[in-house]
Amino acid sequence: MNYIKSVSNITWLLLFSACCLALVWFVSSFQMLSSNIYSELIHNDININPYLDFSKGVVASIVFSLFFLKNRTYLFLWFIKAFVTLFLLIPYEFYYGLDSFTYFHWAVNFDLDLIFKYWGEGSSTSRLITFIHYLTFIFGDSYYTIKLFFSLLSFFGLLIFYKIYIYVLFKNKINTQYNDNFIYVLILFPSVIFWSSGIGKDSLNLLFSAIFIYAFIRLIDKFLTRYLLLIILSMVAMFYLRFWWVAIMTFSMIFYYMIYSSFKSWGLLILLLPILYFSFQHIMEMRGLSLLSDIFQEMTDVSKEMAEYGNSSINPIIIRDIFDYMLLYVPNSFTAIFRPMVWDVKNLFSLVASIENTALLFLSVKYVVFRFAHIYRIKHVMFLLVFIISWTIPYSIISSGNLGAAVRFKLQILPLILIIIGVFRHNRMRLT
């Protein structure tokens, strides 16, 4: 017993020593690690003290924690997410760089005419930079505070996804007497917590897609005005953030109502079809497309563009017509959802992603694949699956040229994949 106690004490001592050394290294290297954030600002005579800025972020994480004082689990998970946002993301930002630097620089060095000239007057990037600029009136020119705010928004989105999971289990009378730690899996899943913790479109995308899916899931069971308004609100927000998501959202609803056809559903389909048409027309106009052949050429160009970016690029795809697209749809969708795999590993981050994807593939095959009858009976899960399929229609092309980008883009549907696996895991336990 004394031997075990001694080993335990030594282990804790070594762990404490390692944490202290890591903290000393972080403090001593922080000026260098943060150099990419502030270098462009210095050129424009804007001086921000990195240590003061980081301290503001720490204070912000504590202030934001007040939202979760009544729920100890949420509070604990928020502090972990804040730690990832403030500490673990910094070495990655320094080595690889992130779009968040660009957004922050343009928001602080705000010149609307120059932004419109460089990014385009109606572009989502211009809108995001403008939104971040307005945040500086609230949080000041503080990179870490604004980053914490974006992380908080994505955290709210993840909590909504957790509410979806609980609602689906409850409405389908799936027993949850088993020890359910799904909220920890959902929020602490490496790709989820990492890619939802920075400044950018991904955090907002996660929040608004969660609101949309939650509202529609509730609307399936009971038509209430508040759920309809939430759907409209989320679609309007996504129109300004990533306009093609309006088509994804609309198509997922149409697809769902086609599967569960009824007199009521056909009435809703009549209302949704014009929205799908106008959103698709807007996409065509924004991309400068007019013919069907232009769409396939655009797909090829996007694949080539993604393949030229970063160290995780793979061979671009060539799509000449609808038959090429259909032929490549399944393998490209697999790439978008389950790659990189072990044979794609090139660095530490792709190694972590490959481990995740291997686990996702295994659990999907074990609990979900070949269970279509069960999926059809649980109409809420069917909508989640339909939404994932709708997402793959564009992202099977967007994600298939670069595996690094694929990991980040998958954040948008990863909670849904985890929810489906979690629901069917419980359902299988109930039946055995």
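Every condition in (1) in contact with a Pro (Cβ under 6 Å, 6 or more places away or on another chain); (2) buried (at least 17 other Cβ atoms within 10 Å of the Cβ) is met by L416 except one, and the failing one is (1). When each of D221, D202 is tested for being closer than 18 Å to K81 by Cβ, of a type in the set (D, E, K, R) and in contact with a helix residue (DSSP H, G or I) (Cβ under 9 Å, 6 or more places away or on another chain), the lone residue that passes is D202. In this entry, F68 passes the filter for residues that are free of Cβ contacts under 8 Å to residues at least 12 places away in the same chain, in contact with a Leu (Cβ under 6 Å, 6 or more places away or on another chain) and over 20 Å from F131 (Cα atoms). Somewhere in segment 48-59, is a residue surrounded by 14 or more Cβ atoms within 10 Å (Cβ to Cβ), within 19 Å of D202 (Cβ to Cβ) and of a type in the set (K, R)? Looking through segment 48-59, none of the residues is surrounded by 14 or more Cβ atoms within 10 Å (Cβ to Cβ), within 19 Å of D202 (Cβ to Cβ) and of a type in the set (K, R).
Of everything listed in (1) at pLDDT below 95; (2) over 22 Å from W244 (Cβ atoms); (3) crowded, with 16+ Cβ neighbours inside 10 Å; (4) small (G, A, S), the single unmet condition for S126 is (2). Of the helices (runs of 4 or more DSSP H) lying entirely inside segment 1-107, those carrying at least 1 residues that are in the same structural domain as I132 (by TED's automatic domain parsing), at pLDDT below 90 and touching a helix residue (DSSP H, G or I) at 6+ places or on another chain (Cβ under 8 Å) are 2-33, 35-43, 50-64, 89-96. In this structure, S350 does satisfy being touching an Asp or Glu at 6+ places or on another chain (Cβ under 8 Å), assigned by TED's automatic domain parsing to the domain that holds D202, within 23 Å of P190 (Cα to Cα) and free of Cβ contacts under 8 Å to residues at least 60 places away in the same chain.
Scanning segment 282-299 for residues that are surrounded by fewer than 17 Cβ atoms within 10 Å (Cβ to Cβ) and either at pLDDT 75 or above or among the charged types (D, E, K, R) (or both) yields E285, R287, D294, Q297.
Scanning segment 133-147 for residues that are farther than 14 Å from D202 by Cα and in a helix (DSSP H, G or I) yields H133, Y134, L135, T136, F137, I138, F139, Y143, Y144, T145, I146.
Please find, within segment 108-123, the residue that is surrounded by the most Cβ atoms within 10 Å (Cβ to Cβ) out of those that are within 26 Å of the chain's Cα centre (by Cα) and not in a helix (DSSP H, G or I). My answer is S123. When V368, V381 are screened for being more than 25 Å from Y325 (Cα to Cα), surrounded by fewer than 20 Cβ atoms within 10 Å (Cβ to Cβ), modelled with pLDDT of 85 or more and β-branched (V, I, T), only V368 passes.
For segment 190-231, a residue qualifies if it is assigned to a helix (DSSP H, G or I), without any contact (Cβ under 8 Å) to a residue 40 or more places away in the chain and more than 22 Å from F149 (Cα to Cα), and the qualifying residues are A215, L219, T225, R226, Y227, L228, L229, I231. Checking segment 162-184 against the condition returns a match, with at least one residue being in a helix (DSSP H, G or I), outside the structural domain of F83 (by TED's automatic domain parsing), over 21 Å from S252 (Cα atoms) and among the hydroxyl-bearing types (S, T, Y).
The values are calculated or read from the model by the stated rules, or taken from the named source; none is laboratory data. Since this is a predicted model, take the numbers as computed values, not measurements. Cβ atoms come from the backbone with ideal geometry, glycine included; neighbour counts cover every protein chain shown.
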